[in-house]
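As structure tokens, the structure follows; a few thoughts come after it.
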Amino acid sequence: MQFAKYVACGISLLAMACQAPAEDHSPGGEELYQLCSNCHGETGAGRPVLNAPAIAGLGSWYIEAQLKKFRSGERGTHPEDLPGMGMRPMAMSLQNDAQIADIAAHVAAMPATRPKPILDGDAAKGAGIYATCSTCHGKSGEGEQEKSAPALNKTHDWYLVRQLQNFKSRVRGGNPADATGAQMLPWVAMLADEQAMKDVVAHIQTLK
């Protein structure tokens, strides 16, 4: 059922893009984002019921990089990454890098609002773990483009834990073409278990 839901959603988004009128019109980022809003919401606040995280305010460079990964198959092709497989058709519907840049700029300009935490992590224990993460993602989880490290303090805790799980199992970052994703693999190897992941993410949720 879950697989069918993600595939159906992805196919419907791709069909909507392909059926657009063949006019001499170049849609801007706001117009292009209407496809994304079906899952991520009009304000980019995400929709957990659709496994779509909050993306508002993320760096445009990061949004661009991930859309290109989904388009090329570096992400969204592993059979255990069903949400990622749902994202790939949307990324493939974007006609060129200029459209990707436009949509990324629109998302980056959206006001970010931190989603309410829902997991049971121990932020105090997570603080010690995050000291290592901060070397790339920053003391406040603000991210650092030069290290290809995205901001962590603008999205859902459940999404962050899922991505740590995906990196741990190489569902993400295991594709030989995904060099920046592979950077995460040695770091997640130091996380003992899922509780450690919840703990470090709980700490991230406290960062200003």
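Laboratory data are not the source of any read-out in this text; all were calculated from the coordinates shown. These numbers were taken from a predicted model, which means no experiment stands behind them. Reconstructed Cβ throughout: ideal geometry from the backbone, glycine too, with neighbour counts over all protein chains shown.
Remarks
- Cα convex hull volume per residue for the chain (Å³): 114 Å³
- Distance from the alpha carbon centroid of the stretch 48-72 to that of the stretch 115-180 works out to 14 angstrom.
- Amide H within-cut-off set for Ala149, under 5 Å, with H built and near neighbours excluded: Glu144
- For the stretch 42-83, chymotrypsin sites (Phe, Trp or Tyr not before Pro) are listed when DSSP marks them as loop and at most 14 other Cβ atoms sit within 10 Å of their Cβ; the list is empty.
- With contributions of -39500 (n - 2.57) from each DSSP H run of at least four residues, the per-residue ellipticity at 222 nm computed over the chain stands at -16500 deg cm²/dmol.
- For the residue pairs Lys68/Lys116; Lys147/Lys198; Lys69/Lys147; Lys68/Lys208, the C-alpha atoms sit more than 27 angstrom apart in Lys68/Lys116; Lys68/Lys208.
- J(HN,Hα) series, the stretch 135-146, from Karplus relation 6.51 cos²θ - 1.76 cosθ + 1.60, nearest Hz, glycine and proline x: 4, 10, 8, x, 5, 9, x, 7, x, 8, 4, 4
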